[in-house]
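S.K.: Okay, handing you the structure first.
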Amino acid sequence: MKTLASTRKRHRLAMISTYVAIGIGCVFMLMPFLWMLSTSLKQPGQVFAYPIEWLPDPVKWENYLYVTIKWPFFRYMLNSALVAGLTILGSLISCSLVAYAFSRLKSKMSKPLFLLMLSTMMLPGQVTVIPIFILFRNLGWIDSFAALTVPAFFGTPFYIFLLRQFFMTVPRELEDAARIDGCGTWGVFHHVVLPMAKPALAAVAVFAFMASWNDFYGPLIFLSSESKRTAALALAIFNSAASDYSGNQMHWAMAAATLTIIPTLIVFYYAQRFFVQGIVFKGVEK
């Protein structure tokens with residue numbers, strides 16, 4: 001009995017220590033976000049005050065009105081949402097098709113092509129940016145959202161790899177049963193495999209949204225019109241203007257940053273269950 005009681009006590013202490021460590025880690029991780037939110041509601045003179053004034057007094061909601069009315073930040077967020085939506089759509093369609101082909105359609109070239117696709121992940125973006133820019137310029141896609149969205153409809157190696165690994169866990173017996181019922185390859189893919197792949201597809205959608213929404217490199221290179229700026233590009237330009245040490249515009253920059261991060265929090269909040277399932281995916285529960 002004493003051994004059991006001591007074991008339970010050690011287990012309880014271990015759990016308490018774990019939660020305390022996680023809580024301390026969460027506080028340190030949340031501090032930059034809390035400072036961003038606090039700064040977005042401050043007056044210019046309070047931004048770099050020492051010690052830090054965590055509770056702004058007075059609260060300046062006008063900072064958000066400035067970045068949304070005098071500086072059309074909602075337009076930039078709408079541009080980002082359009083690009084992100086098309087990127088998600090293109091990634092889900094192209095990557096699911098290619099991944100299913102790699103997982104089920106076997107030939108002598110399947111493995112070499114799959115290895116070739118994976119090898120493209122080793123190429124840094126700086127190596128391919130010049131030929132891609134020349135290609136898009138010849139196609140007339142410079143200063144167009146097509147340069148940011150159309151490539152997603154041709155697949156992304158990492159997403160293809162992720163979905164291919166999931167499709168390989170789907171029992172072939174389910175597909176054979178569907179074929180007995182009269183389904184062809186497309187019917188099996190559409191009616192059997194895709195419904196089971198919702199967690200993996202949700203994970204790909206979250207990855208694609210985060211990559212597109214936070215993309216600064218692509219819009220900087222391919223977009224030149226102010227009306228077509230994405231939120232990430234507009235935020236970087238605004239931050240460069242607010243980076244003076246006086247902090248005269250830092251409160252506006254933090255208000256814009258707060259608006260930019262809200263959609264990512266919403267998407268991840270509603271998709272976190274599928275996101276976690278997609279990372280630790282299984283075909284069917286046994």
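The values are calculated or read from the model by the stated rules, or taken from the named source; none is laboratory data. As the structure is a computational prediction, the values presented were derived from the model and not from experiment. Every residue, glycine among them, receives a Cβ derived from its backbone with ideal geometry; neighbour counts consider all protein chains shown. Side chains included, ligands, DNA and RNA excluded: accessible areas come from the protein's heavy atoms. Shrake-Rupley method; radii C 1.70, N 1.55, O 1.52, S 1.80 Å.
S.K.: Calculate the dipole size of the chain relative to its Cα centre from +1 charges on Lys and Arg beta carbons and -1 charges on Asp and Glu beta carbons; express the result in debye to the nearest 20.
M.R.: Working: 23 positive and 12 negative charges, 235 e Å.
Charge dipole, the chain, about its Cα centre: 1140 debye, nearest 20.
S.K.: Follow-up. Taking R0 as 30 Å, what FRET efficiency do you get between Phe28 and Tyr270 from their Cβ-Cβ distance, rounded to the nearest 0.05?
M.R.: 0.70
S.K.: Specify the longest stretch of the chain that does not include any exposed loop site, a site being one of the GluC sites (Glu not before Pro) with a non-H, G, I, E, B DSSP assignment and at most 16 other Cβ atoms within 10 Å. Intermediate values should be presented prior to the final figure.
M.R.: Values: sites that count: Glu53, Glu285.
Longest site-free region, per DSSP loop and neighbour criteria: 54-284.
S.K.: In segment 46-106, which trypsin sites (Lys or Arg not before Pro) fall in coil by DSSP and have 10 or fewer other Cβ atoms within 10 Å?
M.R.: Working: sites: Lys60, Lys70, Arg75, Arg104, Lys106; in loops: Lys60, Lys106.
Answer by residue number: Lys106.
S.K.: What's the extension gain from Arg179 to Tyr66 if we count 0.36 nm per residue and subtract their Cα-Cα distance? Write down the numbers at each step before the final one.
M.R.: Numbers: separation 113, 0.36 × 113 = 40.68 nm, distance 6.00 nm.
Taking 0.36 nm per residue and subtracting the Cα distance, the gain is 34.7 nm.
S.K.: Shifting gears a bit: For the chain, return all DSSP H helices satisfying: extent of Cα atoms along own axis at least 30 Å; mean Kyte-Doolittle hydropathy at least 0.5.
M.R.: On the way: long enough: 2-39 (54 Å, 0.73); 73-104 (46 Å, 1.24); 250-279 (39 Å, 1.10).
Within the chain the helices that satisfy the rule are 2-39, 73-104, 250-279.
S.K.: May I pose another question? Give me the percent of the accessible area of segment 42-157 that comes from carbon and sulfur atoms, probe 1.4 Å, all protein chains in place. Could you put the intermediate results ahead of the total?
M.R.: Values: 5180 of 7150 Å².
In segment 42-157, the share of accessible area belonging to carbon and sulfur is 72 percent.
S.K.: Let me ask something additional. Set the bar at 32 Å for Cα to Cα. Now go through Lys70/Lys198; Lys42/Lys228; Lys9/Lys198; Lys60/Lys228 and name every pair that lies beyond it. Display every interim value, and only then the final one.
M.R.: Values: Lys70/Lys198 42 Å; Lys42/Lys228 30 Å; Lys9/Lys198 42 Å; Lys60/Lys228 29 Å.
Over 32 Å Cα-Cα: Lys70/Lys198; Lys9/Lys198.
S.K.: Which one of Ser144, Phe74, Phe114 is farthest out on the positive end of the charge dipole of segment 1-160, using unit charges on Cβ (Lys, Arg +1; Asp, Glu -1) and the Cα centre as origin?
M.R.: Towards the positive end, the residue furthest out is Phe114.
S.K.: Moving on. Using a 7 Å offset from the Cα along the Cα-to-Cβ direction at both Ile132 and Ala21, what is the distance between the two label points in nm, to one decimal?
M.R.: Inter-label distance under the simple model: 4.0 nm.
S.K.: In the neighborhood of Phe73, defined by Cβ-to-Cβ distances under 13 Å, what is the net charge if each Lys or Arg adds +1 and each Asp or Glu adds -1? Walk me through the intermediate numbers first.
M.R.: Working: positive: Lys70, Arg75, Arg229; negative: Glu226.
Net of charged neighbours comes to +2.
S.K.: Under a Cβ-Cβ cut-off of 11 Å, what is the net charge of the residues other than Ala234 that fall near it, where Lys and Arg count +1 and Asp and Glu count -1? It would help to have the intermediate numbers written out before the result.
M.R.: On the way: positive: Arg75, Lys228, Arg229; negative: Glu226.
Computed value for this residue: +2.
S.K.: Next up: What accessible surface, in Å², does a 1.4 Å probe find on Val267, ignoring ligands, DNA and RNA and rounding to the nearest 10?
M.R.: Accessible area, nearest 10 Å²: 50 Å².
S.K.: What FRET efficiency comes out for Gln43 versus Ala236 if R0 is 30 angstrom and r is the Cβ-Cβ distance? Round to the nearest 0.05.
M.R.: Numbers: r = 24 Å, r/R0 = 0.80.
Efficiency, from the Cβ-Cβ distance: 0.80.
S.K.: So, one more: Give me the dipole magnitude in Debye, nearest 20, for segment 112-244 about the Cα centre, with unit charges on the beta carbon: positive for Lys and Arg, negative for Asp and Glu. Numbers along the way, then the final one.
M.R.: Values: 7 positive and 8 negative charges, 23 e Å.
For this selection, approximately 120 debye.
S.K.: Work out the FRET efficiency for Lys108 and Leu194 from their Cβ-Cβ distance, taking R0 = 41 Å, and round it to the nearest 0.05.
M.R.: Values: r = 28 Å, r/R0 = 0.67.
About 0.90, to the nearest 0.05.
S.K.: Residue separation times 0.36 nm, minus the C-alpha to C-alpha distance between Val150 and Met122: what's the value? Walk me through the intermediate numbers first.
M.R.: Numbers: separation 28, 0.36 × 28 = 10.08 nm, distance 2.16 nm.
Using 0.36 nm per residue and subtracting the Cα-Cα distance, I get 7.9 nm.
S.K.: Further, regarding this structure: Ignoring everything except DSSP H segments at least 4 long, calculate the 222 nm mean residue ellipticity for the chain; use -39,500 (n - 2.57) per segment, divide by total residues, nearest 500.
M.R.: On the way: 13 runs with 190 residues, N = 286.
Roughly -21500 deg cm²/dmol at 222 nm, from the helical runs in the chain.
S.K.: A follow-up question, please. Mind sorting out which of [x] 219; [y] 128; [z] 147 is the real volume of the Cα convex hull per residue in Å³ computed from the coordinates?
M.R.: It is the one labelled [x].
S.K.: So for segment 1-97, taking the charge dipole from beta-carbon charges (+1 Lys/Arg, -1 Asp/Glu), which of Val59, Pro44, Gly23 sits furthest toward the positive end?
M.R.: The listed residue farthest towards the positive side: Gly23.
S.K.: Here's something else I'd like to know. Using the heavy atoms of the protein chains and a 1.4 angstrom probe, tell me the accessible area per residue for the chain in square angstrom. Each step should come with its number before you reach the end.
M.R.: Working: 17370 Å² over 286 residues.
On a per-residue basis, the chain sits at 61 Å².
S.K.: For segment 3-62, which chymotrypsin sites (Phe, Trp or Tyr not before Pro) are both in a DSSP coil and crowded by at most 16 other Cβ atoms within 10 Å? Could you put the intermediate results ahead of the total?
M.R.: Values: sites: Tyr19, Phe28, Phe33, Trp35, Phe48, Trp54, Trp61; in loops: Phe48, Trp54, Trp61.
Here the chymotrypsin sites (Phe, Trp or Tyr not before Pro) that fit, given the DSSP loop and packing criteria, are Phe48, Trp54, Trp61.
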